[in-house]
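The values are calculated or read from the model by the stated rules, or taken from the named source; none is laboratory data. Nothing here was measured: the structure is a model prediction, and the numbers come from that model. Heads up, the Cβs are rebuilt from the backbone with ideal geometry, glycines too, and the neighbour counts pull from every protein chain shown. With ligands, DNA and RNA removed, areas are computed over all heavy atoms of the protein, side chains included. Shrake-Rupley method; radii C 1.70, N 1.55, O 1.52, S 1.80 Å.
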Amino acid sequence: MAEDLSTAATPNYARTWKLWKRLWIGFAVLLLAACAMLFVAARRFDSEPLPPGLASSGTLPVTMPDGRRAQLRDIVRSGRPTVINLWASWCGPCRQEAPDLKRLRQAVGPAAINFVALNVRDDRAIPEDRADFLQAAGLSPADYSVMAEALVGKLTGRSDNLIPRTLVYDRAGQPLATITGYKPLALARVAALIQE
């Protein structure tokens, strides 16, 4: 009597198929969970303590584009929300976020916001790199100031000097949010945050 091979192999094939199906479903669930976590992380502002208010940071020295020394409060108009962006032209994530910051400034309008671009680590950049960065950010050479890297911790209230970092303040100079790293969805939320 001949054995029917098609029926003998079916249970093995069915088990293997079920195993692969479960593995693919498990992989898809993990992939969706990872994407959801990345989406949430990209929307979030930093969860660490907020930086000091602008009143206490206003005396920090900055260098204007023309080489003149000033204090941070000299470039912040009172009564307007303030966004301070710490950057360097050689910083890849800084370059990525530059167009987003440009759109933010355009959406809110320059008359309604203080946008302070603080270059903190460009002592080793070549002028062409800086010019390319300023163009991508929609800034002119007169639109940014320089702050010594050693002072970044006093401005941010943190011990690290990570960039890019964006600090958001309300009209009274009180901190609302900090964004460390390039987080496009968090940057997209800044306009609504400062207009509340």
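Restricting the range 108-179 to trypsin sites (Lys or Arg not before Pro) that sit in a DSSP loop and have at most 11 other Cβ atoms within 10 Å of their own Cβ leaves Arg124.
The calculated FRET efficiency for the pair Ala112 and Asp74, based on their C-beta separation and a Förster distance of 22 Å, comes to about 0.65.
Phi angles across the range 94-104 convert, under the Karplus curve 6.51 cos²θ - 1.76 cosθ + 1.60 with θ = phi - 60°, into 3J(HN,Hα) values of 5, 5, 5, 7, 3, x, 5, 5, 4, 4, 4 Hz, Gly and Pro given as x. Per-peptide packing, taken as the mean over residues of other Cβ atoms within 10 Å, places 59-71, 12-24, 80-92 in the sequence 80-92, 59-71, 12-24 from highest down. With the convex hull of its Cα atoms as the shape, the range 69-157 has an orientation-averaged projected area of 6.0 nm². Dividing the mean sequence gap of close Cα pairs (under 8 Å, 6+ apart) by how many residues the chain holds gives a relative contact order of 30 percent.
The separation of the range 157-185 from the range 77-139, counted between C-alpha centres, amounts to 13 Å. Estimated at 0.36 nm per residue, the fully extended path between Ala14 and Arg103 surpasses their Cα-Cα distance by 26.5 nm.
May I ask you to rank Val168, Val108 by accessible area, largest first, using a 1.4 Å probe over the protein chains only?
Val108, Val168
Taking Cα atoms only, the orientation of helix 184-194 departs from the longest principal axis of the chain by about 50 degrees. Partner lysines whose Cα lies under 20 Å from the Cα of Lys183, excluding those fewer than 8 positions away in the same chain, are identified as Lys102. Along the Cα-to-C-beta direction of Asp129, a point sits 7 Å from the Cα; which residues of the range 165-196 have their amide N less than 13 Å from that point? Hits in the range 165-196 for Asp129 at 13 Å: none. Give me the log10 of I(q) over I(0) for the chain at q = 0.12 Å⁻¹, as the Debye formula computes it from C-alpha points; what are the numbers? The Cα Debye sum returns log10 ratios of -0.62.
Between 0 and 90 degrees, the angle of helix 127-137 with respect to the longest Cα principal axis of the chain falls at about 70 degrees. Toward the positive end of the charge dipole of the chain, with +1 on the Cβ of Lys and Arg and -1 on the Cβ of Asp and Glu, the farthest Cα among Ile25, Leu134, Leu193 is that of Leu193.
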